[in-house]
Amino acid sequence: MLKVFPVPAFADNYLWVIDDGKYAAVVDPGDAAPVITYLDAHALTLTTILVTHHHGDHVGGIDELRGHYPLNRIRVYGPASEKIPSCHVRLREGDEVNLTAPAINLRVIDVPGHTAGHIAYYAAQSAWLFCGDTLFAGGCGRLFEGTAEQMQSSLAKLKALPEDTLFYCAHEYTLANLRFALAVEPDNHDLQQRIKIETAKRARGEPTLPGSIGVERATNPFLRWDAPAVKLAAARASSANIDQNPAPALVFGIIREWKNNF
């Protein structure tokens, strides 16, 4: 049976290990050392590295992992339009990654915005999404290389996935994100309840991840560009005149800029 485990790294990263008890794949290994510790402690053979984008905290451990396990012939998968160390298979929207050890089938989704070539991996059979720095619990990534229009379109793809989809993002930013979300929608009852739940998890030393797409639809302002309260908050936060039916990308862009300075 497959499971997904969060290997903590740096100040707030999670390096996700997918394993079947014998073989493993790792998503975005920015640091090799904690991955090696986990693999060796559980007698797992690393076969695959899955990369969402080129930032150092997502790719920094690739070559060390391959060098540490030279007999494993580890395959590296990553976005076609970004420079990924030792990348064997370059992926675009609609491509599939069909692994046998561990056995998992993943569909590639293009999600530019945080970086120009960012991709996500979606496992329909288990309803798992590995989304890097595009979608966060209660938030989304900064626009380092893309536009608000690109990021809103990318998030719309993820928002359209089944509500029971569990998403595994790369950072423990949840409580800070939810504090901002409450500033956008102070009367959102679902959000108020979520803050209590996630705060209790962190008090127990537990990750707040994975999250679910259904919960994000109800509480994440970066997916709620059509919600009247979010549109009103965007209008109040902007110096421009916004009509009653603003474009989703406009609402998203205003909320993202607000978060940048929150």
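No value in this document is a laboratory result; all are computed from the given coordinates. Computed from a predicted structure; not experimentally measured. Every residue, glycine among them, receives a Cβ derived from its backbone with ideal geometry; neighbour counts consider all protein chains shown.
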- Item | DSSP-loop chymotrypsin sites (Phe, Trp or Tyr not before Pro) across segment 77-174, with at most 16 other Cβ within 10 angstrom | Phe144
- Taking the chain as the reference, fit the longest principal axis to its C-alpha atoms, fit the long axis of helix 32-41 to the helix C-alpha atoms, and give the angle between the two in degrees, 0 to 90, nearest 10. 60
- Note on the structure: Taking Cα atoms only, helix 189-203 is inclined relative to the longest principal axis of the chain by an angle, in degrees rounded to 10, of 40
- Spatial extent of segment 157-262: Rg and Dmax, with the Cα atoms as the point set, Å: 14.1, 45
- Pop out the ³J(HN,Hα) list for segment 52-64 in order, Karplus 6.51 cos²θ - 1.76 cosθ + 1.60 with θ = phi - 60°, rounded to Hz; leave Gly and Pro as x. 9, 6, 8, 4, x, 6, 10, 10, x, x, 4, 5, 5
- Query: Over its Cα atoms, what ratio of radius of gyration to 2.2 N^0.38 Å does segment 107-193 give?
  - Reply: 1.10
- So which trypsin sites (Lys or Arg not before Pro) in segment 76-156 pass both tests, a DSSP loop state and at most 11 other Cβ atoms within 10 Å of the Cβ? Lys83
- What pairs from Lys157/Lys259; Lys3/Lys201; Lys22/Lys201; Lys83/Lys201 go past 32 Å between their alpha carbons? Lys83/Lys201
- Item | Hydrodynamic radius (Kirkwood) for segment 198-259, which is based on Cα pairs only, to one decimal in Å | 13.0
- Please identify every one of the trypsin sites (Lys or Arg not before Pro) in segment 172-262 that sits in a loop by DSSP and has no more than 13 other beta carbons within 10 Å of its own beta carbon. Arg204
- Task: Please give the helix 228-237 orientation as an angle from the longest Cα principal axis of the chain, in degrees from 0 to 90, rounded to the nearest 10.
- Result: 80
- Item | segment 47-187 - convex hull of the alpha-carbon atoms, volume per residue in Å³ | 118
- Query: Placing +1 at every Lys and Arg Cβ and -1 at every Asp and Glu Cβ, with all other atoms neutral, what dipole size does the chain have around its Cα centre, in debye to the nearest 20?
  - Reply: 180
- Message: Averaging over every viewing direction, what projected area does the convex hull of the Cα atoms of the chain cover, in nm²?
- Response: 13.4
- Task: Would you mind calculating the relative contact order of the chain from Cα pairs under 8 angstrom and at least 6 residues apart, reporting the percent as a whole number?
- Result: 13
- Summing -39500 (n - 2.57) over every DSSP H run of at least 4 residues in the chain and dividing by its residue count gives a helix-only mean residue ellipticity at 222 nm, to the nearest 500 deg cm²/dmol, of -10000 deg cm²/dmol
- Taking only C-alpha pairs under 8 Å that are 6+ residues apart, what is the relative contact order of segment 93-229 in percent? 22
- Item | Inter-label distance, nm, simple model (7 Å from Cα along the C-beta direction), Ser126/Phe262 | 3.1
- Query: For segment 12-57, what is the convex hull (Cα atoms) projected area averaged across all directions, in square nanometres?
  - Reply: 3.1
- Query: Restricting to segment 1-99, what percent of DSSP beta bridges are antiparallel, rounded to 5?
  - Reply: 50
